[in-house]
Structures are given as structure tokens and as C-alpha cells.
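The values are calculated or read from the model by the stated rules, or taken from the named source; none is laboratory data. These numbers were taken from a predicted model, which means no experiment stands behind them. Neighbour counts run over all protein chains shown; Cβ positions are idealised from the backbone, glycine included. Heavy atoms of the whole protein, side chains included, go into the accessibility calculation; ligands, DNA and RNA do not. Shrake-Rupley method; radii C 1.70, N 1.55, O 1.52, S 1.80 Å.
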Amino acid sequence: MNLAFYPGCSLQGVARDYSGSIYAVFRHLGFDLTELADWFCCGASAAHSLDEDLALALPAGNLFLAEKAGRDIVVPCAMCFNRLSHARHILGQEPVHLPWPVKGQAQVHDMTRLLSQPETLARIQSLVKRPLKGLRVVCYYGCQMVRPPRITGFADYENPQTLDLLARATGADVRDWSYKATCCGASIGVSRPEVGNALCLRLVDKARQAGAEAFVVSCPLCQMNLDKLGIEAPSQAMPVFYITELLELALNGRTEPGRFRMHLTDPGALLRGRGF
Amino acid sequence: MTAMTPSVSTPHLLDPQPNGLLAEVEQAVGTCVGACYQCERCTNACPVAQFMDVKPHQVIRWVQLGRRTQLLQSFTVWVCLSCEMCTTYCPNEVHVAGVINHLRQSAAPAPPAIANDLALFHRRFLDQLRYFGRVNELWLMAAYNTIPSILKQKQHSGRLPTEARLGWTLWRQGRLHLIPQRSAMVRQLHRFLEKETHQ
């Protein structure tokens with residue numbers, strides 16, 4: 001399978017560490033992961049909120065680039081995945097005026113769904129060097145990855161499983177909970193921190209009730225919002241792992257030095273306490 | 001199904017209002033707002049309903065009633081996160097989040113004072129995108145936080161120390177970049193945007 005990696009703006013900036021762990025895991029699994037050349041921002045919620053033309057033109061441009069390269073797109077960020085999938089959906093439905101001659105042929109894969117396909121999952125299970133036994137986690141999907149189901153293709157949008165399957169494959173103790181896809185507030189925390197923090201603190205509260213001691217996420221914005229409680233409300237914060245960080249740890253037995261250095265809620269004590 | 005059989009996909013079950021809001025929204029969003037029977041499931045599912053002045057089920061009712069001005073001045077359309085809980089759980093397939101997003105796009109040229117900061121953030125984000133084709137978080141936060149009204153608001157709310165600490169931590173960790181990355185496709189994008197504005 002020829003894959004073009006669409007990192008999105010976050011993975012080049014504040015979520016640089018996420019990008020590192022993704023490359024490490026894909027390399028370990030033997031996937032060729034080439035960055036989509038010349039890609040641009042998906043427009044995120046700003047284009048969606050203010051400018052409908054731009055909200056379609058931007059992701060469609062990325063689909064065009066992938067088509068030209070003859071590759072399918074793999075996307076780690078939930079928002080990018082949502083916007084690209086949305087554009088692909090529209091292109092398949094109606095003729096639209098766009099600056100690029102795009103057909104919408106390139107597939108858009110959510111990274112967790114790609115990795116949790118049965119064969120890949122079995123490979124991960126067989127390659128695990130160091131099971132993360134005893135690490136109690138809940139998987140948090142956020143909204144843009146699973147909703148709306150007609151666009152994202154997540155049939156189990158109320159109780160998604162891709163992250164759960166992957167986290168379980170690392171040997172972690174994955175807890176079930178009811179807030180897997182309840183919004184973390186996205187970018188609202190920038191202008192209205194009281195709203196963003198209220199949403200995130202509720203998630204922490206529900207995760208603790210489920211017996212978890214850490215979150216597992218795949219969306220860089222969800223990670224940022226939950227992780228930054230380490231600065232906003234340190235007494236209540238809980239470590240937030242990217243799924244690929246746990247996979248890297250389980251597959252390699254160790255992570256690249258300094259991998260967890262960029263977390264705002266330090267997971268060091270938790271990991272050392274479990275002997276990882 | 002004949003034209004006489006009502007269905008959730010039959011557009012426009014109510015009489016048109018003089019200002020045509022219902023017809024406009026239904027046409028633009030591609031959903032049947034008239035199908036809402038006020039079960040309030042959208043509002044119960046909404047994670048930010050407590051912060052809204054007009055609750056999601058009321059938004060739908062107000063669209064049916066043609067209350068355009070009140071809707072465009074509401075805080076609701078700006079606090080909505082487009083998480084699509086409402087749409088997903090609507091038993092009548094009303095695209096509530098789509099309706100709110102349409103109203104937000106309509107309200108964008110003149111947002112109410114109470115939501116000015118939220119609208120400004122989206123605008124600064126799009127500015128970044130227009131310059132570089134990508135978004136650089138340092139430039140975005142600098143552009144947003146140096147708007148006088150925003151800076152003043154953060155001073156008053158006592159947020160500055162926390163945000164400075166957050167910004168400094170991110171900088172020290174090497175997660176913010178001074179030099180923005182640019183997509184090579186950005187020229188093509190500009191040409192497209194120019195054409196859009198000239199039309």
C-alpha cells in the first residue's frame with residue numbers, strides 16, 4: 001500500500017513529539033511513510049466556521065496532491081481527518097468549482113483505523129517486546145474522528161474501538177468508559193479557557209471513575225487540551241499518551257530518549273512506577 | 001413515497017415566513033428543520049449547552065419561527081464546537097450542528113460583542129492560512145494575543161500569568177517555531193481566493 005503521510009500543522013509545531021513516535025512505529029512495522037509534498041492546512045474549524053469555499057478548497061487541494069502522487073492519505077489528526085473526509089464526500093456528490101482538478105480518488109485513512117486492521121493488529125501483537133502490563137488507561141477519541149458517521153465511516157461511533165484495540169495490543173489495562181467521544185473543547189480554550197477547562201476536567205473526572213491513571217489519544221488537539229491541565233490545574237491533571245508513544249514503548253521496549261519530555265503533565269513517575 | 005406522505009426528508013413542512021429564514025437554512029444546509037418536534041435530545045447531548053444563551057433545540061425552533069436577528073446576535077452560534085453530538089442523536093435527522101454553522105457563517109461579518117474574541121480567533125487563524133498555507137502556532141498566538149481588546153480581556157481575567165507560563169514552557173520544549181513553514185501551493189490558493197472575492 002502506498003501511503004502519503006499528512007501530518008497537519010500541529011505535528012510540525014506543538015505536537016512535534018507525536019510525529020516522532022508515529023515515524024518510529026511505522027518504521028518498526030515496515031510501512032513506508034512519505035510526507036505528502038507541499039500539503040497545506042485542512043482549514044480546521046476556522047475555515048469551517050467562517051468560509052465555506054475555503055473549507056472545501058483547502059482539503060480538496062490536499063486530495064489533489066495525493067491523487068497526483070498516486071497515494072492514499074494517512075492522517076493522525078482527528079480534525080484533519082474529518083476535513084479531508086468531508087471534502088472527499090462532497091467531491092463524490094456534486095460538481096464544485098475548485099482551483100485544482102481533483103477527482104477525490106485518494107482514500108483518506110484515519111491512522112488508528114489503519115493500524116487496527118486485523119493483520120496489522122496481529123503483527124503488532126506478535127512484535128510486542130515489552131507488554132505494558134498494569135498500566136490502566138482509557139482511550140479518548142474526541143469528536144472529529146468519529147462524527148458525523150456518514151463522513152468518517154465509523155459505524156461504532158458511540159463506542160469506537162480502534163484505539164482500544166491498539167492500546168490492548170500493547171498489553172495495557174484498557175478501561176471502558178462512556179466519554180470516549182465527548183468533545184474536549186477544541187480551540188475554544190484559547191479565547192474561553194473556562195469552557196475548555198470545564199470540559200477537560202469532566203473528562204478527567206470520568207476517566208478516574210473508570211479506574212484509569214492515564215489517557216490514550218490520537219488527536220493532537222485533544223492531547224494538548226487534556227495535557228495542559230498540568231499547567232492549568234496541576235492537582236487534577238492526568239498524563240495523556242499518544243497511542244504511538246505506547247506502541248513505540250511496547251514494540252521497542254524503550255522509547256527514544258526524551259520522547260516524553262514535551263508532556264505538560266509529566267508521565268515519568270507513572271511509567272517508572274510501573275517499571276517501564 | 002408520494003408527495004402527500006410526510007417524511008423527515010421532505011423539505012419544508014411549515015409555511016414560509018416573510019423573511020425566508022427557514023427556507024434559506026433548509027436549502028443551504030440540506031436538512032429538514034421543520035421535522036423538529038422539540039424532544040430536546042440535541043440540547044441534552046450538547047457538551048456546551050450550559051454556556052449557550054439559546055439552547056440547540058431553541059435554535060431550531062427559532063429558525064422555524066424566522067427569528068433571524070436574535071439568532072445572529074446569539075452567543076450560541078460562537079460557543080458551538082461543531083462536535084456534532086446534536087446532529088448524531090437527532091431522531092428526526094435534523095442537522096442541528098450544520099444549522100448552527102450556517103448561522104455562524106451568516107453572523108461572521110458582524111459578530112455580537114460578547115463573542116468578538118471567538119470570531120477574532122477564527123479570523124487570525126485564516127489570516128495565517130492565507131499567508132503561508134499552513135498555520136504556525138507561535139505566529140497565530142502572537143497575532144491573536146496582541147489584539148488590544150484580547151490583551152485587555154486577558155489582563156482583566158487574570159489569565160496572563162498562566163498563559164505566559166504555558167507559552168514559555170512550550171517555547172523551552174522547542175515546540176514553537178519562529179520561522180513559519182510555507183506550502184508551495186500557496187500561490188495557487190491566493191489566485192483562487194482573489195477570484196472568489198472579485199466575484
Check: If you take the residues in the stretch B:115-148 that are of a type in the set (Gly, Ala, Ser) and out of contact with any helix residue (DSSP H, G or I) (no Cβ under 6 Å at 6 or more places or on another chain), which one is farthest from the other protein chains (Cβ to nearest Cβ)?
Finding: B:Ala142
Notebook entry, point to check: Restricting attention to the stretch A:175-233, and to residues there that are touching a Pro at 6+ places or on another chain (Cβ under 8 Å) and among the polar types (S, T, N, Q), which single residue is farthest from the other protein chains (Cβ to nearest Cβ)?
Noted result: A:Ser218
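Please tell me if A:Ala167 is within 17 Å of the chain's Cα centre (by Cα) and at pLDDT 95 or above.
Criteria met by A:Ala167.
Of the residues in the stretch B:153-178, how many are outside any helix (DSSP H, G or I) and either touching a helix residue (DSSP H, G or I) at 6+ places or on another chain (Cβ under 6 Å) or within 9 Å of chain A (Cβ to nearest Cβ) (or both)?
We begin by selecting, within the stretch B:153-178, every residue outside any helix (DSSP H, G or I); these are B:158-159, B:173-178.
Still in the list and also either touching a helix residue (DSSP H, G or I) at 6+ places or on another chain (Cβ under 6 Å) or within 9 Å of chain A (Cβ to nearest Cβ) (or both): B:159, B:173-177.
Adding up the residues that qualify gives 6.
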Note to self: I'm trying to understand the selection: among the residues of the stretch A:1-45, which are within 9 Å of another protein chain (Cβ to nearest Cβ) and in a helix (DSSP H, G or I)?
What the structure shows: A:Ser10, A:Gln12, A:Arg16, A:Asp17, A:Ala44, A:Ser45
Next item on the list: Can you confirm whether the stretch B:98-114 contains a residue that is open to solvent by 20 Å² or more (accessible area, probe 1.4 Å), within 8 Å of another protein chain (Cβ to nearest Cβ) and closer than 30 Å to A:Glu158 by Cα?
Entry: yes
Item checked: Matching residues, the stretch A:204-240, being over 17 Å from the mean Cα position of the chain (by Cα) and within 17 Å of A:Pro160 (Cβ to Cβ) -> A:Lys206, A:Ala207, A:Ala210, A:Ala212
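Hey, any hits in the stretch B:134-146 for a residue that's among the aliphatic types (A, V, I, L, M) and in contact (Cβ under 8 Å) with a residue 40 or more places away in the chain?
First, pick out the residues of the stretch B:134-146 that are among the aliphatic types (A, V, I, L, M): B:135, B:138, B:140-143.
Restricting the remaining residues to those that are in contact (Cβ under 8 Å) with a residue 40 or more places away in the chain gives B:138.
Yes, the stretch B:134-146 contains at least one residue that is among the aliphatic types (A, V, I, L, M) and in contact (Cβ under 8 Å) with a residue 40 or more places away in the chain.
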Notebook entry, point to check: Taking the stretch A:147-188 as the search range and keeping residues that are part of a loop (DSSP other than H, G, I, E, B) and touching a strand residue (DSSP E or B) at 6+ places or on another chain (Cβ under 7 Å), which one is surrounded by the most Cβ atoms within 10 Å (Cβ to Cβ)?
Noted result: A:Ala172
Next item on the list: Identify all residues within the stretch B:50-71 that are under 18 Å from A:Leu199 (Cβ atoms) and buried (at least 20 other Cβ atoms within 10 Å of the Cβ); write none if there are none.
Entry: B:Met52, B:Pro56
Item checked: Counted residues, the stretch A:103-144 - those being of a type in the set (Val, Ile, Thr) and not in a helix (DSSP H, G or I) -> 4
Next item on the list: Go through the residues of the stretch A:46-66 one by one and say whether even a single one is more than 13 Å from chain B (Cβ to nearest Cβ) and either at pLDDT below 95 or out of contact with any Ser or Thr (no Cβ under 6 Å at 6 or more places or on another chain) (or both).
Entry: no
Notebook entry, point to check: Quick one: is A:Leu264 touching a residue at least 12 places away in the same chain (Cβ under 8 Å), assigned by TED's automatic domain parsing to the domain that holds A:Leu163 and open to solvent by less than 10 Å² (accessible area, probe 1.4 Å)?
Noted result: no
Next item on the list: Residue by residue through the stretch A:193-213, note down the ones that are open to solvent by less than 20 Å² (accessible area, probe 1.4 Å) and either under 21 Å from B:Leu166 (Cβ atoms) or free of Cβ contacts under 8 Å to residues at least 60 places away in the same chain (or both).
Entry: A:Pro193, A:Val195, A:Gly196, A:Leu199, A:Cys200, A:Leu203, A:Val204
Note to self: All but one of (1) among the hydrophobic types (A, V, I, L, M, F, W, C); (2) farther than 16 Å from A:Tyr242 by Cα; (3) open to solvent by less than 30 Å² (accessible area, probe 1.4 Å) hold for A:Leu135; state the number of the condition that does not hold.
What the structure shows: (2)
Next item on the list: Please go through the stretch A:223-256 and pick out each residue that is in a helix (DSSP H, G or I), open to solvent by less than 20 Å² (accessible area, probe 1.4 Å) and under 21 Å from A:Phe26 (Cβ atoms).
Entry: A:Gln223, A:Ile243, A:Thr244, A:Glu245, A:Leu246, A:Leu247, A:Glu248, A:Leu249, A:Ala250, A:Leu251
Check: For A:Val108, which of the numbered conditions (1) open to solvent by less than 60 Å² (accessible area, probe 1.4 Å); (2) at pLDDT below 95 fails to hold?
Finding: (2)
Next item on the list: Can you run down the residue pairs with Cβ atoms below 8 Å, 6 or more apart or on separate chains, where the first is in the stretch A:61-86 and in the same structural domain as A:Ala44 (by TED's automatic domain parsing) and free of Cβ contacts under 8 Å to residues at least 60 places away in the same chain and the partner is of a type in the set (Asp, Glu) and open to solvent by less than 10 Å² (accessible area, probe 1.4 Å)?
Entry: none
